[in-house]
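The values are calculated or read from the model by the stated rules, or taken from the named source; none is laboratory data. For clarity, every value in this text was computed on a predicted model and none was experimentally measured. Quick reminder, even Gly has a Cβ in these numbers, built from the backbone with ideal geometry, and neighbours come from all protein chains shown.
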Amino acid sequence: MSAYRTIVVGTDGSSSSFRAVDAAARLAHATGARLVLACAYHPMPAKERQSAADLLGDLAYKVEGSTPADDALRAARERALAAGAADIDEVAVEGDAVDVLATLARRRPADLLVVGNRGLNSLAGRILGSVPANLSHRAPCDVLIVHTTDGK
């Protein structure tokens, strides 16, 4: 039996986060673990949503009833399947990424939490703390920080 039975990976729909999804999916495939794709979000206030619709027109929401979190999870699922993961759940939760991922890892319960390293070296990351750095202190399980940036 694998040490990792449930792997949670955070994604925000960025190419950087999808690299973390790829790594988590390969690991889930290799170990037979369940993969939980997680996306934390903050709802867009109605005024901002209308402004975005005015600027972007039909591009604001590509699929009726779809949200950016749903779109991110749908794309992450496709990548995870392509990487060989078979047992996949998708979860979108309103809230701060660190809080959402740490809570989800407790509730599932996860054996491994996977995130990308994006933000570790940014000025905001040094001042406010980055998602990977904060999760490494708050997660109830192992944390894998995947190198997802090219150093730029």
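Structure summary
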quantity: Single condition MET1 does not satisfy, out of (1) modelled with pLDDT under 90; (2) over 24 Å from CYS141 (Cα atoms); calculated: (2)
quantity: Matching residues, the stretch 1-14, being of a type outside the set (Asp, Glu) and touching a residue at least 40 places away in the same chain (Cβ under 8 Å); calculated: ALA3, TYR4, ARG5, THR6, ILE7, VAL8, VAL9, GLY10, THR11, GLY13, SER14
quantity: Matching option when the condition is in contact (Cβ under 8 Å) with a residue 24 or more places away in the chain, out of contact with any Pro (no Cβ under 6 Å at 6 or more places or on another chain) and either buried (at least 17 other Cβ atoms within 10 Å of the Cβ) or not small (Gly, Ala, Ser) (or both), among ARG107, ARG79; calculated: ARG79
